[in-house]
1. List the number of the failed condition for residue 115; all other conditions in (1) in a strand (DSSP E or B); (2) of a type outside the set (Val, Ile, Thr); (3) open to solvent by less than 20 Å² (accessible area, probe 1.4 Å); (4) at pLDDT below 95 hold.
2. On the given criteria, is residue 140 open to solvent by 20 Å² or more (accessible area, probe 1.4 Å) and part of a loop (DSSP other than H, G, I, E, B)?
3. With respect to the numbered conditions (1) in contact with a helix residue (DSSP H, G or I) (Cβ under 9 Å, 6 or more places away or on another chain); (2) free of Cβ contacts under 8 Å to residues at least 24 places away in the same chain; (3) under 19 Å from residue 267 (Cβ atoms); (4) among the small types (Gly, Ala, Ser), which one is the sole condition not fulfilled by residue 169?
4. Scan the range 190-229 residue by residue and report those that are of a type in the set (Asp, Glu) and open to solvent by less than 70 Å² (accessible area, probe 1.4 Å).
5. Show me the strands (runs of 3 or more DSSP E) found entirely inside the range 59-104 where at least 1 residues are within 18 Å of residue 29 (Cα to Cα), open to solvent by 60 Å² or more (accessible area, probe 1.4 Å) and polar (S, T, N, Q).
6. Looking at residue 109, is it within 21 Å of residue 89 (Cα to Cα), part of a strand (DSSP E or B) and not charged (D, E, K, R)?
7. Looking at the structure I just gave you, is residue 121 open to solvent by less than 60 Å² (accessible area, probe 1.4 Å), under 16 Å from the mean Cα position of the chain (by Cα) and of a type in the set (S, T, N, Q)?
8. Going by the conditions given, is residue 130 open to solvent by less than 20 Å² (accessible area, probe 1.4 Å) and on the phi > 0 side of the Ramachandran plot?
Amino acid sequence: DLAGRVDIGQGGTISATVSGRRFDIGAILDAEEKGAEPTAETAGESGLRLNARFDELRWGPERKLRQANLLLHRQKGVVRGLVLDGLLGKQAKLDIKFLPGPDGQILRIVADDFGEVLSMSPTKARVVGGTLLIRGIRPSPDAPIEGDFIASKFKLSKAPTLAKVLQVASLTGIGDAMSNKGLKFDAFEGKFVYRDNRVTFSKASAHGSSIGVTVNGILDMEADTANLGGTLVPAYSFNRAIGKIPVIGSLLTGGENEGVFAATYRVAGPLENPKISVNPLSALAPGFLRNLFGLGAGKPQSETPAN
C-alpha cells in the first residue's frame, strides 16, 4: 500500500521517492538469498537511488519495522550506501547505517532492545531486553565486513543449542534456570568477520553471574550450520574473583574470561541438530592445563576469504 515517483536518468539510474502505509519486502529478500542478479528493470544499469518512508515495513508474519525511513544507493548489484531507522516491538529504536568513509564503507548498528533485534532473525534463541552496538568496516566492495559487537544487560530465556551444551556438560541446573526464569548476562561481546552469509567469531564471550561462555568459530547463516567452540565457565562471578588474585589467579584460570572450574565444548553441523561434544576432564583442570585436555576449542578451523 504505497505511492510515489520514479525517474529514470539519462545514464539509466533509477531515482525513486516512495511512501505509504505498508510494504512487504519478503519476496525481494528471498530473491536476494537465492542469488538473483539485479537487471536493468529492477536495479538500473547505472544504479538505484531510493528515498522511502513506510508506516510498516514487513518481511515476514512477525517481522516488521514501524515508522521506517530508508535511504538506499545501489550500483550494479552492490549497496554503496544505506540508512534505515524505525521502531521494533513496542517502542524499541533501531538505527542502521552503512555509508562510505575514508577507509571504506562503515557499518554501524544501534538498537535499544537486543531481544527485539534477534526476533527479526530466524534464530530460535529468545532474549529479553538489552542494548546492541555493532561496528564494522568493508575496505572495498569485494572485501568482507570486519568489526566488533557488544550486547549489554539482557536475559536469555531460550537457547536450544546452549541448552544441549549445558546438558552434555552436566550443568542441568543452569539449563533449568534458563528455561524457568532466564539467565541474566552483563554482556556478549567480541569480533566478527562477515562475508557471503557467513560470520566468523573471534574473541567472543558472554558472561553473567551464573555462567560465562567463550565463542570462536564460524556460523553459516545460508546453510544453517555451525562450527563453533569455546569454554564454559559455571559460577562465573566466583571464578572471576579467583582470577583477580595476583600471579596465581591467571595461572589457575588460564586468563581473561576463563576459570578454575570450566569445560571446553564444540558445536558442529546443522543448527537443527548439531553434534555437541564437551570434555569433562577440562572441568577439573586449572586454566594453564586446560588446553592439554581440551578439544581445540580455542582454535577452530579458520576461514580463508575467497580472492
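The values are calculated or read from the model by the stated rules, or taken from the named source; none is laboratory data. As the structure is a prediction and not an experimental result, all values here were calculated from the model. Glycine also receives a Cβ, built like all others from the backbone with ideal geometry; neighbour counts cover every protein chain displayed. When the accessible area is computed, the model is the full protein with side chains, heavy atoms only, and any ligands, DNA or RNA have been set aside. Shrake-Rupley method; radii C 1.70, N 1.55, O 1.52, S 1.80 Å.
1. It fails just one condition, (1).
2. Yes: the conditions hold for residue 140.
3. (2)
4. As a first pass, look at the range 190-229 and keep what is of a type in the set (Asp, Glu): 196, 220, 222, 224.
Matches in the range 190-229: 220 only.
5. Numbers: elements: 63-75, 78-88, 92-101.
Passing ranges, in order: 63-75.
6. yes
7. Values: open to solvent by less than 60 Å² (accessible area, probe 1.4 Å): yes; under 16 Å from the mean Cα position of the chain (by Cα): yes; of a type in the set (S, T, N, Q): yes.
Answer is yes for this residue.
8. Yes.
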